[in-house]
Amino acid sequence: QVQLVESGGTLVQAGGSLRLSCVASGRTSSRVNMGWFRQVPGKERMFVAAVTAPDTWSDGKILYDDSVKGRFTVSRDSAKNTLYLLMNSLKPEDTAVYYCAAGGWSTFESGWTYWGQGTQVTVSS
């Protein structure tokens, strides 16, 4: 199995930047796809971005939701078993609990096996 721990969420002003981290552990953590979702109260968990595991594709495959494309950058450091989400030009609409996911490849919550506890990002204006 894979265990995930997110960190980095905080209060930030609109237009600012923030970097979230997700540390993965487990026997297969270095060979599993990982991604980010976000959720606000009363709404379903929504896809943000995802990146494939090493050697799954030659150059790696990255997906972004249209709402964050051009502003957010997802990356991973395989040696550190860490997934990152660099968020630039933040908007109040980005306010949500951000969750790290692993063990899947989907824009839907149901397509992933493992989840972190979430980290709150609040964007003020």
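Selection over region 96-108 of residues that are surrounded by 18 or more Cβ atoms within 10 Å (Cβ to Cβ) and within 15 Å of R38 (Cβ to Cβ) gives a count of 6. Residues that are closer than 19 Å to S7 by Cα and over 13 Å from the mean Cα position of the chain (by Cα) within region 95-123 comprise T95, T122, V123, listed in sequence order. Evaluate region 15-36: report whether one residue or more is open to solvent by less than 70 Å² (accessible area, probe 1.4 Å), within 13 Å of T95 (Cα to Cα) and either of a type in the set (D, E, K, R) or touching a Pro at 6+ places or on another chain (Cβ under 6 Å) (or both). No, every residue in region 15-36 fails to be open to solvent by less than 70 Å² (accessible area, probe 1.4 Å), within 13 Å of T95 (Cα to Cα) and either of a type in the set (D, E, K, R) or touching a Pro at 6+ places or on another chain (Cβ under 6 Å) (or both).
Of all residues being over 12 Å from the mean Cα position of the chain (by Cα) and under 23 Å from L11 (Cα atoms) in region 67-81, which is most open to solvent (accessible area, probe 1.4 Å)? Just the residue, please. Reasoning before the result, please.
Initially, region 67-81 is screened for residues over 12 Å from the mean Cα position of the chain (by Cα), giving 67, 69-71, 77-81.
Now restrict to residues that are under 23 Å from L11 (Cα atoms): 67, 69-71.
Details: S67: 53, K69: 118, G70: 80, R71: 32 Å².
Among residues in region 67-81 that are over 12 Å from the mean Cα position of the chain (by Cα) and under 23 Å from L11 (Cα atoms), the one most open to solvent (accessible area, probe 1.4 Å) is K69.
Restrict the check to region 7-14 and report whether at least one residue is open to solvent by less than 50 Å² (accessible area, probe 1.4 Å) and under 22 Å from S110 (Cα atoms).
Keep residues of region 7-14 that are open to solvent by less than 50 Å² (accessible area, probe 1.4 Å), which gives 8-9, 12, 14.
Next cut, under 22 Å from S110 (Cα atoms) only: none.
Within region 7-14, none of the residues are open to solvent by less than 50 Å² (accessible area, probe 1.4 Å) and under 22 Å from S110 (Cα atoms).
Six or more apart or on different chains, Cβ atoms under 6 Å: show the pairs whose first residue is in region 1-25 and touching a residue at least 24 places away in the same chain (Cβ under 8 Å) and closer than 11 Å to A102 by Cβ and whose second is charged (D, E, K, R) and open to solvent by less than 60 Å² (accessible area, probe 1.4 Å). Hits for this filter: C22/E6.
With respect to (1) under 13 Å from A49 (Cα atoms); (2) modelled with pLDDT of 95 or more, the lone exception for K61 is condition (2). Pairs, please: C-beta under 7 Å, at least 6 apart or cross-chain, first residue over 16 Å from R27 (Cα atoms) and in region 77-88, second assigned to a helix (DSSP H, G or I) and at pLDDT 95 or above? Sorted first by the residue in region 77-88, then by its partner, the pairs are M87/D94. Considering only residues in region 41-53 that are without any contact (Cβ under 8 Å) to a residue 40 or more places away in the chain and open to solvent by less than 50 Å² (accessible area, probe 1.4 Å), the one that is farthest from S7 (Cα to Cα) turns out to be A53. Are any residues in region 82-95 surrounded by fewer than 22 Cβ atoms within 10 Å (Cβ to Cβ) and of a type in the set (A, V, I, L, M, F, W, C), and if so, which ones? Across region 82-95, the qualifying residue is only L86. Among the criteria (1) touching a Phe, Trp or Tyr at 6+ places or on another chain (Cβ under 9 Å); (2) surrounded by fewer than 18 Cβ atoms within 10 Å (Cβ to Cβ), the one S124 does not fulfil is (1).
The values are calculated or read from the model by the stated rules, or taken from the named source; none is laboratory data. Every value quoted in this text rests on a predicted model; they were computed, and no experiment measured them. Cβ: placed from backbone, ideal geometry, glycine included. Neighbour counts: every protein chain shown. Accessible surface is based on the protein model in full, side chains and every heavy atom, while ligands, DNA and RNA are left aside. Shrake-Rupley method; radii C 1.70, N 1.55, O 1.52, S 1.80 Å.
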